[in-house]
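Please read the structure below before turning to the comments.
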Ligand code: SF4
Ligand code: SF4
């Protein structure tokens, strides 16, 4: 009982472990895998990302110069980033991706 009381009083003078999100945005780790950043001008439409993606979230057409990624199907494993030869596809720090319509989850 004395230990519990000691902990309670001690915690009153410590900084909180929780963060005041969404009022204060957290700083994400450099290895965090969030929303993709795609640089269309560097993409060579090689389809390496499409082949590596385990969920079929990426669709590439070299002939039509089409590249799309459906964030609704993505599990943020980072395989697409690992295999991209031009580094035009990277997973960034953005984690707020809620949308009203699922069509809005498609990156082009
Ligand atoms: S792996 Fe990279 S360069 Fe190749 S299609 Fe995907 S995003 Fe484009
Ligand atoms: S992070 Fe993984 S699941 Fe998401 S698009 Fe890339 S390879 Fe596919």
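Rule-based calculations on the coordinates, nothing more; no lab input. Computed from a prediction, not measured in an experiment: that's the story for all the values here. Cβ sites come from the backbone with ideal geometry, for glycine too, and all protein chains shown count toward neighbours.
Pairs of Cα atoms nearer than 8 Å and 6+ residues apart set the relative contact order; for the chain it is 30 percent. Each helix, a run of at least 4 DSSP H residues, gives -39500 (n - 2.57); summed and divided by the residues of the chain, these come to -4500 deg cm²/dmol at 222 nm. The angle separating the long axis of helix 2-11 from the principal Cα axis of greatest extent in the chain is about 60 degrees. As a calculated quantity, the FRET efficiency between residue 24 and residue 63 at R0 = 41 Å, using C-beta atoms, amounts to about 0.30. Between residue 6 and residue 98, the simple spin-label model (points 7 angstrom out along Cα→Cβ) gives 4.3 nm. Which of rounded, prolate or oblate describes the stretch 28-107 when judged by the alpha-carbon gyration tensor and an a/c cut-off of 1.5? Oblate is the answer for the stretch 28-107, as a/c is 1.5 or above yet b/c matches or exceeds a/b. Note on residue 55 and residue 75: their simple-model spin labels are 0.8 nm apart, each label 7 Å out from Cα toward Cβ. What is the stretch 62-108 by shape, rounded, prolate or oblate, if you read a ≥ b ≥ c off the alpha carbon gyration tensor as root eigenvalues and call it rounded for a/c under 1.5, prolate for a/b larger than b/c, and oblate otherwise? Note, shape of the stretch 62-108 comes out oblate.
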